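The values are calculated or read from the model by the stated rules, or taken from the named source; none is laboratory data. Bear in mind the structure is a predicted one, so any value in this text is a computation, not a measurement. Note that each Cβ is placed from the backbone with ideal geometry, even for glycine, and that neighbours are counted across all protein chains shown.
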Amino acid sequence: MNVPFTVRPDGSELTAHTTFIGGHPEWEWGSRIIGSLDEQQVIYDTATRQIVEKLGGAEVFPNPGGDIALAPDGRWFVNSHRSGEHNHYTFLERRTGRIVRSPPVFLGQWKSGDLRLDPAPCWNRSGDALVVPGIAADGTRQMFVLELVPTG
């Protein structure tokens, strides 16, 4: 039996849930967690046990179960999806709803196995760039920086 649950870091408040939030969940604030449900990127409140918000849609996030990350200040949310030999990162500015798409990052055939490249994005502290793995033009594994350029 697969039962989703949450527990506090000190081991208290073990709570079973009837709603399974899939993908690669990311904690937002307090009792809220970002994940996927029914092909949609959602925010689930573990205290109320309800979906409290939906982010984007299929046209914004083709794979809501992909790797995700929330910027340290919560302003930006990023979701990744693979297409062929490339990974793509879609950024959502949560205050305005603005969408920014990264150029494709080449991963080649390294999508499974012991030597696979895990495309999970990782934010910098200021929340204006993230680092992702990929294959450089010379065929070596490298880390790439995707920077968000301010507008206006």
*asked:* As an exercise: evaluate residue 30 against (1) at positive phi; (2) assigned to a strand (DSSP E or B) and give the number of the one condition it does not meet.
replied: (2)
*Of (1) surrounded by 18 or more Cβ atoms within 10 Å (Cβ to Cβ); (2) farther than 28 Å from residue 140 by Cα, residue 32 satisfies all except one. Which?*
(1)
*Output the residues belonging to the range 74-125 that are buried (at least 16 other Cβ atoms within 10 Å of the Cβ), hydrophobic (A, V, I, L, M, F, W, C) and over 12 Å from the mean Cα position of the chain (by Cα).*
105, 106, 107, 110, 117
*asked:* Within the range 3-22, does at least one residue satisfy the condition of being among the β-branched types (Val, Ile, Thr), in the same structural domain as residue 135 (by TED's automatic domain parsing), crowded, with 17+ Cβ neighbours inside 10 Å and without any contact (Cβ under 8 Å) to a residue 60 or more places away in the chain?
replied: no
*asked:* Of everything in the range 37-71, what is in a loop (DSSP other than H, G, I, E, B), of a type in the set (A, V, I, L, M, F, W, C), without any contact (Cβ under 8 Å) to a residue 40 or more places away in the chain and closer than 26 Å to residue 129 by Cα? Give them in sequence order.
replied: 58, 60, 61
*Any residue in the range 122-143 that's within 17 Å of residue 73 (Cα to Cα): show its pairings with residues that are of a type in the set (Asp, Glu) at Cβ separation under 8 Å, as long as the two are six or more apart or on different chains.*
127/73; 128/147; 129/147
